[in-house]
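Novice: Input: one structure, supplied below.
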Amino acid sequence: MKFATKVIHAGLEPDPSTGAIMTPIYQTSTYVQEAPGQHKGYEYARTQNPTRRALEKNLAALENGTDAICFGSGLAAQDAVLKLLKTGEEILSVNDLYGGSYRQMVRVFGVWGLRSRFINMTHAHTVAEAIGPQTRMIWIETPTNPMLNIVDIEAVCTIARQRGVLTVVDNTFASPYLQNPLDLGADIVLHSATKYLGGHSDAVLGCLVVRDAALAEQLHFIQNASGAIPGPMDCFLILRGIKTLHLRMQRACENAEAIAHFLKRHPKVSQVYWPGFPDHPNHAIARRQMRHFGAMISFDLKENSFEAARQVLSRTRLFSLAESLGGVESLIGHPASMTHASIPREERLKVGLTDSLIRLSVGVEDVEDLIADLEAAL
Ligand SMILES: *Cc1c(COP(=O)(O)O)cnc(C)c1O
C-alpha cells in the first residue's frame with residue numbers, strides 16, 4: 001500500500017458489530033466476560049481499547065513499523081521510553097530539542113539519576129566520539145526545534161547500532177509523510193500526534209512506533225503499568241486527522257517554501273532557517289532523508305531585540321500567536337519566551353535561539369494571504 005492509501009485504510013476495518021465505516025469511539029472502561037478469563041481480547045480499558053488499537057495499527061503502518069503504542073501526550077510517550085533505562089545510565093540527545101523533552105529529561109528523570117547529555121548532532125562523527133560507557137540511548141530530533149537543523153538519521157543509527165545503543169527519533173516535525181526513521185535504522189519513532197498527525201489542533205496524544213517485537217512488548221508493559229493512555233475520543237480525532245495527512249502536509253510544505261523565500265528577501269529579516277535552502281548547512285541530508293523540507297520556518301530580525309520580535313508577533317492577523325504547531329491554521333511563536341522558556345538563556349543563545357527569533361508553523365491557507373499578513377506585520 002502506498003502512503004495516501006495507508007492513511008485512509010491501514011489497520012482499519014468496518015466495525016464488526018454494525019458495519020460502521022468509521023472506527024467507533026469505544027467509550028467504555030471495561031468489557032463483560034462470558035466466564036472468568038473468557039473474553040474477546042478486551043478486559044479493562046487501560047490495557048486495551050478498540051479505538052486506540054485501530055489508531056495504533058494505522059500508525060504502525062504509516063511509519064513502516066510492526067507495532068505502535070499510544071499515550072496521553074507526546075511527553076507521556078517520551079516518559080515511557082525513558083522508563084526503559086535505569087539509574088546511572090545515560091541519554092545522548094540533540095542540543096536544540098523540544099523544550100518539554102529537555103525539561104522531562106533533566107528535571108524529572110535527572111532527579112532519579114538518569115543522565116542526559118546534549119550535543120550538536122549535525123556531524124555524525126561527534127556522536128561517535130560522545131558515546132560513553134553508560135550511554136544507552138541516543139535521542140534524535142530532526143528537523144530540530146526551533147533551529148531547523150537536520151541530523152543524519154541513518155549515519156547516527158549506524159554508529160549507535162555498532163555500539164549497542166538504542167536510537168529514538170522524535171519525528172513530530174517531519175511527520176511520517178516526510179520521513180520514516182525506522183527505514184533509516186532507528187529503533188523507536190516518537191510522535192506528538194497533537195501536531196501534524198492530528199492536524200486540527202483539537203486533541204493531545206503521543207505515540208511510539210517500533211519494529212522489534214521484544215521492544216514493543218516492553219513498551220506495552222510500561223503503557224499498561226504506568227497508565228498514561230489516551231482517551232478513545234482523542235484516538236478517534238487523531239485517526240480522523242490522519243486521513244488527510246498527505247494532503248495537508250503537501251500544501252503546508254508548498255506554502256512554507258514560498259514563505260521561506262519571501263522572508264529571505266525581506267530587508268528586516270537577518271536569517272531564515274529552513275532546510276530547503278541549498279545554502280542550509282544540512283541541505284544535502286534533508287534532501288536525502290526527507291520527501292519535502294517541512295512546514296516549519298524560523299527567522300531572526302535585523303533588529304535583534306525581544307521588543308522587535310514582540311511587535312511582529314502582536315501584529316499578524318492570520319498567523320495566530322500560540323504554542324504548538326502542525327495544524328491546518330498558521331501559527332507564529334516566540335521560542336525564547338514560549339516553547340523554549342524552560343531552557344536557560346545561555347543554553348539558548350549557544351544554539352542561535354536569540355530573543356528575536358520567531359518561529360512559524362505554516363498552515364494550509366492561501367499562501368498569498370499568509371505572505372501579505374507577514375509583510376504587513378514586518
Ligand atoms: C509538542 C512536541 C512534543 C510534546 O508533545 P505533547 O503532545 O505536547 O506532549 C515533543 N516533541 C516535539 C518535537 C513537539 O513538538
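Novice: Can you name the residue in segment 138-155 that is hydrophobic (A, V, I, L, M, F, W, C) and under 18 Å from the mean Cα position of the chain (by Cα) and is also surrounded by the fewest Cβ atoms within 10 Å (Cβ to Cβ) among such residues?
Specialist: My answer is Met147.
Novice: What residue, among those in segment 104-137 that are part of a helix (DSSP H, G or I), open to solvent by 60 Å² or more (accessible area, probe 1.4 Å) and in contact with a helix residue (DSSP H, G or I) (Cβ under 9 Å, 6 or more places away or on another chain), is farthest from Trp274 (Cα to Cα)?
Specialist: The residue in question is Val108.
Novice: State yes or no: is Leu85 hydrophobic (A, V, I, L, M, F, W, C), within 16 Å of the ligand (Cβ to nearest atom) and touching a strand residue (DSSP E or B) at 6+ places or on another chain (Cβ under 7 Å)?
Specialist: Criteria not met by Leu85.
Novice: Any residue at all in segment 216-226 that's of a type in the set (Gly, Ala, Ser) and closer than 17 Å to Leu166 by Cα?
Specialist: yes
Novice: Continuing with the same structure: Would you check if there is a residue in segment 68-81 being more than 18 Å from the chain's Cα centre (by Cα), assigned by TED's automatic domain parsing to the domain that holds Asn149 and either in contact (Cβ under 8 Å) with a residue 60 or more places away in the chain or at negative phi (or both)?
Specialist: No, segment 68-81 contains no residue that is more than 18 Å from the chain's Cα centre (by Cα), assigned by TED's automatic domain parsing to the domain that holds Asn149 and either in contact (Cβ under 8 Å) with a residue 60 or more places away in the chain or at negative phi (or both).
Every residue, every condition in (1) under 30 Å from Val204 (Cβ atoms); (2) open to solvent by 50 Å² or more (accessible area, probe 1.4 Å); (3) of a type in the set (Gly, Ala, Ser); (4) more than 16 Å from the ligand (Cβ to nearest atom), yes or no:
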position: Arg265; (1), (2), (3), (4): no, yes, no, yes
position: Leu331; (1), (2), (3), (4): yes, no, no, no
position: His340; (1), (2), (3), (4): yes, no, no, no
position: Asp366; (1), (2), (3), (4): yes, yes, no, yes
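Novice: Scan segment 195-237 for residues that are of a type in the set (D, E, K, R) and either buried (at least 20 other Cβ atoms within 10 Å of the Cβ) or within 10 Å of the ligand (Cβ to nearest atom) (or both) and report the count.
Specialist: Looking only at that region, the number is 2.
Novice: A follow-up question, please. Scan segment 301-328 for residues that are away from the ligand (no atom under 16 Å from the Cβ) and under 26 Å from the mean Cα position of the chain (by Cα) and jot them down.
Specialist: Once the filter is applied, which keeps residues that are away from the ligand (no atom under 16 Å from the Cβ) and under 26 Å from the mean Cα position of the chain (by Cα), segment 301-328 yields Ala309, Leu313, Thr316, Leu318, Phe319, Ser320, Leu321, Val328.
Novice: Considering each residue of segment 183-194, count those that are open to solvent by 20 Å² or more (accessible area, probe 1.4 Å) and either outside the structural domain of Asn171 (by TED's automatic domain parsing) or within 8 Å of the ligand (Cβ to nearest atom) (or both), and give that number.
Specialist: 1
Novice: So is Gln48 buried (at least 16 other Cβ atoms within 10 Å of the Cβ) and either without any contact (Cβ under 8 Å) to a residue 60 or more places away in the chain or among the acidic types (Asp, Glu) (or both) or not?
Specialist: Yes, satisfied.
Novice: Restricting to helices (runs of 4 or more DSSP H) lying wholly in segment 249-368: which have 2 or more residues that are in contact with a helix residue (DSSP H, G or I) (Cβ under 6 Å, 6 or more places away or on another chain)?
Specialist: Of the helices (runs of 4 or more DSSP H) lying wholly inside segment 249-368, those with at least 2 residues that are in contact with a helix residue (DSSP H, G or I) (Cβ under 6 Å, 6 or more places away or on another chain) span 306-315.
Novice: Within segment 345-378, track down each residue that is of a type in the set (D, E, K, R), without any contact (Cβ under 8 Å) to a residue 24 or more places away in the chain and more than 23 Å from Asn304 (Cβ to Cβ).
Specialist: Matches in segment 345-378: Asp366, Glu368.
Novice: Hey, Lys350 hits all of (1) over 18 Å from Leu148 (Cα atoms); (2) more than 16 Å from the ligand (Cβ to nearest atom) but one; which does it fall short on?
Specialist: (1)
Novice: Restricting attention to segment 252-259, does a residue exist that is buried (at least 20 other Cβ atoms within 10 Å of the Cβ) and not hydrophobic (A, V, I, L, M, F, W, C)?
Specialist: Yes, because at least one residue in segment 252-259 is buried (at least 20 other Cβ atoms within 10 Å of the Cβ) and not hydrophobic (A, V, I, L, M, F, W, C).
Novice: Report yes if some residue within segment 63-77 is among the charged types (D, E, K, R) and open to solvent by less than 50 Å² (accessible area, probe 1.4 Å); otherwise report no.
Specialist: yes
Novice: Can you pull out the residues in segment 164-181 that are β-branched (Val, Ile, Thr) and either part of a loop (DSSP other than H, G, I, E, B) or touching a His at 6+ places or on another chain (Cβ under 6 Å) (or both)?
Specialist: Residues satisfying the conditions are Val165, Thr172.
The values are calculated or read from the model by the stated rules, or taken from the named source; none is laboratory data. Only a predicted model underlies this, so the values are computations on that prediction, with no experimental measurement involved. We place every Cβ from the backbone using ideal geometry, glycine too, and count neighbours over all the protein chains shown. The area values use the complete protein model at the heavy-atom level, side chains included, leaving out ligands, DNA and RNA. Shrake-Rupley method; radii C 1.70, N 1.55, O 1.52, S 1.80 Å.
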